[in-house]
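Any read-out appearing in this document is the output of simple, stated calculations on the displayed coordinates, not a laboratory observation. Worth saying up front: this structure is predicted, and the values here are computed from it rather than measured. Cβ: placed from backbone, ideal geometry, glycine included. Neighbour counts: every protein chain shown.
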Amino acid sequence: MKVTLLGTGTSQGVPVIGCNCEVCRSVDYRDKRLRVSVHLQIGDKSFIIDSGPDFRQQALRERIRTLDAILFTHEHKDHTAGLDDIRAYNFSQHKDMPLYGEERVLEQLKREFAYIFSGIQYPGIPRVQLNPISEEPFEVEGVKFIPIRVKHYKLPVLGFRVGDFTYITDANFISEEEMDKVRGSKVIVLGALRKEPHISHFSLQEAIDVLTELKPEKAYLTHISHLMGLHREVEQELPDFIRLGYDGLQIEL
């Protein structure tokens, strides 16, 4: 399995429009963060978790030529807004794009992208196949995904475990039962918004505490805001097994 972090930024990305802080002015490429998303290449199968507003740019940058399915963690716009750009895969692969998400999330997609689901099928609109999922494991193209239920303040969100890899973005609470589903993962990618506490995201220390309990071989932080600080400085503060993720980072399992 090859995991590529397509985007590691929070909903506004980094730099933030109109901000003049040192992170937003940084020339370090690791401080340039598109909206959060990840690509999984498992054998000849290709999956993306969340198609945010930077989806087209990310797919072009990483030369993702084929895509078998998109999985959604939840319905927030920074995780869904790029859905229209799957049209290129519809054209090249000559098939509808399978989408996997909870019923609530799929219903939100129907509202946000009403033209896709309207009775008038305008030529060239995205073609999709909706696949409702729950907290039960499911398979896509022979690959098993284990949903991990987390809370994003009061909003239920899904993370996913695939083999020895677990991916969780927007969260500030994981129950012990769900933590047990993650245990044994060799690599974990976990959201950490900033150093200060936040109402709906893990802070840096909270994420470190979770990862210290889970004890993966390697962990990477994502969904990072400009308030976290400069990449090169924050990295020096982390335990050896935890690194800050950055756009384009590739992880081999």
Check your understanding: Pairs 45/215; 154/195; 32/154: which exceed 26 Å Cα-Cα?
Key -> 45/215; 32/154
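At 0.36 nm per residue, minus the direct Cα-Cα distance, what do residue 176 and residue 44 gain on full extension? Give it in nm, one decimal, please. If you can, show how the numbers build up before the last one.
Details: separation 132, 0.36 × 132 = 47.52 nm, distance 3.42 nm.
Difference between extended and current length: 44.1 nm.
May I ask you to order 67-74, 37-44, 25-32 by the average number of other C-beta atoms within 10 Å around their residues, highest value first? Mind dumping the intermediate values first?
Numbers: 67-74: 23.0, 37-44: 19.0, 25-32: 14.6.
Ranking, from highest mean packing down: 67-74, 37-44, 25-32.
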Practice item. Put one equal scatterer on each alpha carbon of segment 170-253, apply the Debye formula with no solvent term, and list log10 I(q)/I(0) at q = 0.14, 0.15, 0.20 1/Å to two decimals. Key: -0.44, -0.51, -0.91
Exercise for review: Compute the distance in nm between two label points, each set 7 Å from the Cα along the Cα-to-Cβ direction, one at residue 29 and one at residue 134.
Suggested key: 4.5
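Give the average over all directions of the projected area of the C-alpha convex hull of the chain, one decimal, in nm². Working shown, then result.
Numbers: hull surface 53.1 nm².
For the Cα atoms of the chain, the hull's average projected area reads 13.3 nm².
Given a cut-off of 18 Å, what percent of all Cα-Cα pairs of segment 10-109 lie beyond it? Mind showing how you got there, number by number?
Details: 2505 of 4950 pairs.
Considering segment 10-109, 51 percent of its Cα-Cα pairs are separated by more than 18 Å.
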**Study point:** Cα centroid of segment 39-117 to Cα centroid of segment 215-237, whole Å
**Key:** 26
Point to revise | Listed residue (199, 101, 114) projecting farthest to the positive dipole end of segment 2-252, Cβ model | key: 114
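Could you sort the peptides 58-65, 173-180 by per-residue average Cβ neighbour count (10 Å cutoff), highest mean leading?
58-65, 173-180
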